[in-house]
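Chemist: Below is one structure. I have some questions about it.
The values are calculated or read from the model by the stated rules, or taken from the named source; none is laboratory data. What you see is a predicted model, and the numbers here were worked out from it, not measured in a lab. Every residue, glycine as well, gets a Cβ built from its backbone with ideal geometry; the counts of neighbours run over all protein chains shown. SASA here: full protein model, heavy atoms, side chains in, ligands and nucleic acids out. Shrake-Rupley method; radii C 1.70, N 1.55, O 1.52, S 1.80 Å.
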Amino acid sequence: DCNVLNGTYTAGENGELILDLQTSTFAACAPDSLHDQFVIDLSGVVSYLFQDGALFLALKYDAGVMEFAPAE
């Protein structure tokens, strides 16, 4: 929500996903920014699933699932 994060990914045939987060801008973020939590969560992704047009990223240790919908 306040910075740009770049990297690469490797997707396995069995749903595993490896994200290599490489570079980020370091703009000052508002106090209510979710940038830091978003980067932490992306660092913990272990698998993915596409369902009904949405992308779901599962986090390690059953910490949760990130859901992404297509932009309108």
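Chemist: Can you report the number of residues in the stretch 1-19 which are loosely packed, with under 10 Cβ neighbours inside 10 Å and either of a type in the set (S, T, N, Q) or assigned to a strand (DSSP E or B) (or both)?
Modeler: So the count comes out to 3.
Chemist: For the stretch 20-36: of the residues being open to solvent by 60 Å² or more (accessible area, probe 1.4 Å) and touching a residue at least 24 places away in the same chain (Cβ under 8 Å), which is farthest from the chain's Cα centre (by Cα)?
Modeler: Looking at the filtered set, the residue picked out is Ala28.
Chemist: Then there is this: Which pairs do you get when a residue that is open to solvent by less than 80 Å² (accessible area, probe 1.4 Å), found in the stretch 56-72, comes within reach of a residue that is polar (S, T, N, Q) and part of a strand (DSSP E or B), reach meaning Cβ atoms under 8 angstrom, with the pair 6+ apart or on two chains?
Modeler: The qualifying pairs are Leu57/Ser47; Ala58/Ser47.
Chemist: Of all residues in the stretch 37-55 being surrounded by 11 or more Cβ atoms within 10 Å (Cβ to Cβ) and part of a strand (DSSP E or B), which is nearest to the chain's Cα centre (by Cα)?
Modeler: Val45
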